[in-house]
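> Okay, handing you the structure first.
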Amino acid sequence: MKDVLLVGLGLAGIAMCERLLAEGKTFDVYENGSQTSSKVAGGLYNPVILKRFTLAWNADTQLAQAVPFYQAIEEKLNIAIDDKLKVLRRFASIEEQNLWFEAADRPRLKQLLNNQIHKNRNDGIAADKGFGEVLKTGKIDTANLQQAYTSYLEGLNCISRATFDYNALQIKADAFEFKGTNYKKIIFAEGFGLKKNPFFNYLPLNGTKGELLTIKAPNLKEESVIKSSCFIIPLGGDYYRVGATYKWKDKTNMPTEAAKEELITKLRTFLTSEFEVVDHVAGIRPTVTDRRPLVGSHPKFNNMYVLNGFGSRGVLLAPYASQQLFDFIYKQSSLNPEIDIARFSKKYFVN
Ligand SMILES: Cc1cc2nc3c(=O)[nH]c(=O)nc-3n(C[C@H](O)[C@H](O)[C@H](O)COP(=O)(O)OP(=O)(O)OC[C@H]3O[C@@H](n4cnc5c(N)ncnc54)[C@H](O)[C@@H]3O)c2cc1C
C-alpha cells in the first residue's frame, strides 16, 4: 500500500510531490503531456497586478513561501531555474505615473513598488514617460523545472509517462486500487485536464488559452522584463518571450495565426528594435470563475483530493496551495475557505 496516487506533473503536481517527499510519504505519479500550461508559461512571479497597481490575491504571503521553495528545488536538483529579473511597467501617461505613486504609498504595496520613476535608457523601446519598477520579482524556468523534476522522479522510480484512466480506478472502502497497486489517497492535479475527470468536472474550471512568441532581437539588449500592452521577458542571448494572449473559446493547445498577429501588433506599439519570431507556443491556463484555486476533498469519496485552478499565477500559487492541501490532509488543518472547493459543493449535489 502506497500513500498517494498523484495525477499530473505540472506546477501543482511538482509542488505536491515536494510536500509529500518532505514528510516521507510514498507515491506514484501519472503524467501524459496532454496539457502544456506549465511547459509554456512565461514563468514570471510578480505580486502586483500591473493593470490596476494592486496586490494580487494573497500574493505577499505566497511570495514569501515561493522564493525559498524554488531555491530548495534548485539546490536539490542542481539546476538554475529562478532568474531574479526586474519587472518594469511602462507608463503610457502622466496619469499612470500618478496612480503608481499613490499605489506605492499604500502599506502592503510599499515593499513591492519602487517610488522612483525609472527612466528609459533603451533606444529599442519607446517609453518617454518611463517605467515603474516592481520589486521582489523574477522568472521561474518552468519548462526546465518540469523536465528536471520528471527525470528526478524517474530516478526515484515513481512516475509513469502514461494517461491516467479514470475508469480503471477502483474505489474501495479505505483505499484506491489502480493497475494492481493500492493507495491510501488520490490527488488530482491535471490543470485544464480536470475537464475529463468524472469526479471533479462539476467544478467551474473555465480555462483561458494563452499564446506566447519567442523573438530574436539582436539590437534590443534589454535585461529587465518590460510590461506594456504585452510582456517582453529576456531569455538570454538575443532571445525574448513575448505574451501573452487571453482567449476563452478555443480550448486547444494549438498556436494560432490570429494570436501571433495580435502579439506582433501590440509589440510594435512600444518596441522599435527589429525582431524576428522564432517560436510560438500555446497552453490553457486552469482558470476558475471566482479566480481562486480549487483545493480540497471530494464531497462524496473519502481520501480523494484536487489541487488546481491556479489560473495565470501558478508559480506563486503552487507552493502555497500545495502546503495548504498537505496540512489539510495530514495535519487536520482547515483550508483557507477562499480556496476550499467546499464553496462549490452545491454544484456537486445539484448535478
Ligand atoms: C501562455 C501562458 C503563460 C503563462 N505565464 C505565466 C506566468 O508568467 N507566471 C505564472 O505564474 N503563471 C503563468 N501561466 C499559468 C501557469 O502556467 C499555470 O497556472 C500552471 O502551469 C498550472 O499548473 P497545473 O499543474 O495546475 O496545470 P498544468 O500545467 O496543466 O499541469 C497539469 C498536468 O497534468 C497532466 N495531465 C492532465 N490530465 C492527465 C491524465 N488524465 N493523465 C496523466 N496526466 C494528465 C498534463 O499533461 C499536465 O502536465 C501561464 C500560462 C500560459 C498558458
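> State which residue is most open to solvent (accessible area, probe 1.4 Å) when the search covers only region 135-159 and only residues that are more than 13 Å from the ligand (Cβ to nearest atom) and not in a loop (DSSP other than H, G, I, E, B).
Initially, region 135-159 is screened for residues more than 13 Å from the ligand (Cβ to nearest atom), giving 135-136, 144, 148, 151-152, 154-158.
Still in the running and not in a loop (DSSP other than H, G, I, E, B): 144, 148, 151-152, 154-155.
Values: Asn144: 49, Ala148: 22, Ser151: 66, Tyr152: 59, Glu154: 84, Gly155: 67 Å².
Applying the filter and picking the extreme gives Glu154.
> So Tyr30 ticks every box in (1) more than 17 Å from Met304 (Cβ to Cβ); (2) surrounded by fewer than 22 Cβ atoms within 10 Å (Cβ to Cβ) but one. Which box is left unticked?
Exception for Tyr30: condition (1).
> I need a count of the residues in region 286-305 that are on the phi > 0 side of the Ramachandran plot and either within 15 Å of the ligand (Cβ to nearest atom) or open to solvent by 50 Å² or more (accessible area, probe 1.4 Å) (or both).
The number of residues fulfilling the criteria is 2.
> Sticking with this structure for a sec: If you go through region 210-249, how many residues are assigned to a strand (DSSP E or B) and either touching a Cys at 6+ places or on another chain (Cβ under 7 Å) or hydrophobic (A, V, I, L, M, F, W, C) (or both)?
Looking only at region 210-249, we keep the residues that are assigned to a strand (DSSP E or B), and these are 210-216, 225-227, 231-236, 239-243, 247.
So of that shortlist, the ones also either touching a Cys at 6+ places or on another chain (Cβ under 7 Å) or hydrophobic (A, V, I, L, M, F, W, C) (or both) come out as 212-213, 215, 225-226, 231-233, 235, 242-243.
Residues meeting the conditions: 11.
Results for (1) out of contact with any Pro (no Cβ under 9 Å at 6 or more places or on another chain); (2) surrounded by fewer than 22 Cβ atoms within 10 Å (Cβ to Cβ); (3) part of a helix (DSSP H, G or I), shown as yes or no for each residue.
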| position | (1), (2), (3) |
| --- | --- |
| Pro255 | yes, yes, no |
| Glu262 | yes, yes, yes |
| Glu274 | no, yes, no |
| His280 | no, yes, no |
| Gly283 | yes, no, no |
| Leu307 | no, no, no |
| Gln323 | yes, yes, yes |
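> Under 7 Å by Cβ, and 6 or more places apart or on different chains, what pairs join a residue from region 236-262 that is within 17 Å of Gly43 (Cβ to Cβ) and within 12 Å of the ligand (Cβ to nearest atom) with one that is open to solvent by less than 90 Å² (accessible area, probe 1.4 Å) and assigned to a helix (DSSP H, G or I)?
Close Cβ pairs satisfying both conditions: Val242/Leu263; Val242/Leu267; Gly243/Leu263; Thr245/Ala259; Thr245/Glu262; Thr245/Leu263.
> Please pick out the residue among Asp165, Asp174 that is modelled with pLDDT under 95 and either over 20 Å from Met16 (Cα atoms) or exposed (fewer than 12 other Cβ atoms within 10 Å of the Cβ) (or both).
Details: Asp165 fails: modelled with pLDDT under 95.
Step by step, each of Asp165, Asp174 is checked, and only Asp174 is modelled with pLDDT under 95 and either over 20 Å from Met16 (Cα atoms) or exposed (fewer than 12 other Cβ atoms within 10 Å of the Cβ) (or both).
> May I pose another question? (1) over 20 Å from the mean Cα position of the chain (by Cα); (2) crowded, with 19+ Cβ neighbours inside 10 Å; (3) under 30 Å from Gly236 (Cβ atoms): which one isn't true of Gln111, the others all being true?
Checking Gln111 against (1) over 20 Å from the mean Cα position of the chain (by Cα); (2) crowded, with 19+ Cβ neighbours inside 10 Å; (3) under 30 Å from Gly236 (Cβ atoms), the one that fails is (2).
> Between a residue in region 329-341 that is over 19 Å from Gly309 (Cβ atoms) and any residue that is assigned to a loop (DSSP other than H, G, I, E, B), which pairs come within a Cβ distance under 7 Å, given they are 6 or more apart or on different chains?
From residues that are over 19 Å from Gly309 (Cβ atoms), the pairs are Tyr330/Glu23.
The values are calculated or read from the model by the stated rules, or taken from the named source; none is laboratory data. These numbers were taken from a predicted model, which means no experiment stands behind them. Reconstructed Cβ throughout: ideal geometry from the backbone, glycine too, with neighbour counts over all protein chains shown. Areas reflect the complete protein model, heavy atoms only, side chains present, ligands, DNA and RNA absent. Shrake-Rupley method; radii C 1.70, N 1.55, O 1.52, S 1.80 Å.
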